[in-house]
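Read-outs throughout are calculated quantities, based only on the coordinates presented, and are distinct from any laboratory measurement. Computed from a prediction, not measured in an experiment: that's the story for all the values here. All Cβ positions, glycine included, derive from the backbone under ideal geometry; neighbour counts span all protein chains shown.
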Amino acid sequence: MNKVSLVLNGILACAVAVLYYLHFAHRNDDAVSLPQHLSGQPILYLNTDSLLMNYTLFQESKEKLEAEQARLEKSMQVQAENLEREVMDFQKQYGGMTQSQVDQRKDELARKEQNLMMLREQMAGQLMEQESQLNKQIYDSIYSFLQKYTQGKNVQYIMGYSPGGSVLYANDSLDITTQVVNGLNDLRKN
């Protein structure tokens, strides 16, 4: 699941690190208000690690993906165990079979093993597709929220900050993570 979290982290970091140039002529009253001390600040940042840990959509998506992965792994395990039993049964019966029956059974088991491998790849692809859809949903919700959040303000950039990332220093007074997380989670409740 670390790979899933890493991929989601990367996508989210890309999402918030993209330069958001927004210039609107009027203020939208539905937009979440920017804290007073940040008014007029053209560059703000989000702590992407904190955003991911506290954004309910991300947590729900992660749990959904983990549950689906566990379901698929269990299904694969059951099928692999069934195939293993068939192989063991074949090995027990091997002595009493003709060469033709042995060859036929080996071919059948090889086909089943190949089908199992193909199913495993198909399930991995299905999981990756689901992960991609969830990542897009998360990205879209953050992007949409940030558009409303910065509408009518002088915000030119919202950077994504994470330890070891490309932003080496970020002044804590420009951190909007808490406001964004609260706003995103409030939208999820409504």
Worksheet item: Of the residues in region 109-167, how many are outside any helix (DSSP H, G or I), more than 25 Å from the chain's Cα centre (by Cα) and surrounded by fewer than 16 Cβ atoms within 10 Å (Cβ to Cβ)?
Response: 2
Item to complete: Determine, yes or no, whether Ser50 is farther than 30 Å from Tyr157 by Cβ and of a type in the set (Ser, Thr, Tyr).
Response: no
Worksheet item: Just checking, which of Tyr157, Tyr149, Tyr161, Tyr94 is among the aromatic types (Phe, Trp, Tyr) and either without any contact (Cβ under 8 Å) to a residue 60 or more places away in the chain or in contact with an Asp or Glu (Cβ under 7 Å, 6 or more places away or on another chain) (or both)?
Response: Tyr94
